[in-house]
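Colleague: I have a structure here, written as C-alpha cells, and I will follow up with some questions on it.
The values are calculated or read from the model by the stated rules, or taken from the named source; none is laboratory data. As the structure is a prediction and not an experimental result, all values here were calculated from the model. We place every Cβ from the backbone using ideal geometry, glycine too, and count neighbours over all the protein chains shown.
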Amino acid sequence: MSKIVTAPVSPPIAISVREIAPWLVFALLLLAMIYFVGIEEGAFAVFQGMYVHEFVHDGRHLLGFPCH
C-alpha cells in the first residue's frame with residue numbers, strides 16, 4: 001500500500017482592523033477622487049450644476065477622461 005503524505009497546515013493569519021483601516025480609508029478616498037474626476041457629470045451627478053465638473057475640469061483632461 002502507498003502512504004499518503006500531507007503538508008502541514010498553517011493556521012490562518014489574524015489581521016486586525018487597526019491594520020486594515022488606513023488601507024480602507026485610502027481606497028475609499030481613491031474611489032471618491034475617481035468618481036468626482038471621471039463620472040461626476042450628467043445623469044450620475046451628486047451635486048446640481050457644473051461646479052464640481054468645472055473644478056476638476058483640467059484633471060479630467062490630464063487623466064484622459066472625456067468631458068466635451
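Colleague: Only one of (1) loosely packed, with under 10 Cβ neighbours inside 10 Å; (2) within 30 Å of H68 (Cα to Cα); (3) at pLDDT below 75 is not met by Q48, so which one is it?
Modeller: (3)
Colleague: Can you tell me which residue among V17, V9, V37 is β-branched (V, I, T) and surrounded by 10 or more Cβ atoms within 10 Å (Cβ to Cβ)? Even if it seems obvious, please write down each step before you answer.
Modeller: On the way: V17 fails: surrounded by 10 or more Cβ atoms within 10 Å (Cβ to Cβ); V9 fails: surrounded by 10 or more Cβ atoms within 10 Å (Cβ to Cβ).
Selected residue: V37, the only one of V17, V9, V37 that is β-branched (V, I, T) and surrounded by 10 or more Cβ atoms within 10 Å (Cβ to Cβ).
Colleague: Based on this model, can you work out whether R60 counts as surrounded by 10 or more Cβ atoms within 10 Å (Cβ to Cβ), out of contact with any strand residue (DSSP E or B) (no Cβ under 7 Å at 6 or more places or on another chain) and among the basic types (K, R)?
Modeller: Values: surrounded by 10 or more Cβ atoms within 10 Å (Cβ to Cβ): yes; out of contact with any strand residue (DSSP E or B) (no Cβ under 7 Å at 6 or more places or on another chain): yes; among the basic types (K, R): yes.
So R60 passes the test.
Colleague: Can I ask one more? Residue check, E40 against (1) at pLDDT 80 or above; (2) under 18 Å from the mean Cα position of the chain (by Cα); (3) outside any helix (DSSP H, G or I), all met but one. Which one?
Modeller: Of the numbered conditions (1) at pLDDT 80 or above; (2) under 18 Å from the mean Cα position of the chain (by Cα); (3) outside any helix (DSSP H, G or I), the odd one out for E40 is (1).
Colleague: Continuing with the same structure: Please state which one of S10, S2 is among the small types (G, A, S), modelled with pLDDT under 85 and either in a loop (DSSP other than H, G, I, E, B) or touching a Lys or Arg at 6+ places or on another chain (Cβ under 8 Å) (or both).
Modeller: On the way: S10 fails: modelled with pLDDT under 85.
So the residue among S10, S2 that is among the small types (G, A, S), modelled with pLDDT under 85 and either in a loop (DSSP other than H, G, I, E, B) or touching a Lys or Arg at 6+ places or on another chain (Cβ under 8 Å) (or both) is S2.
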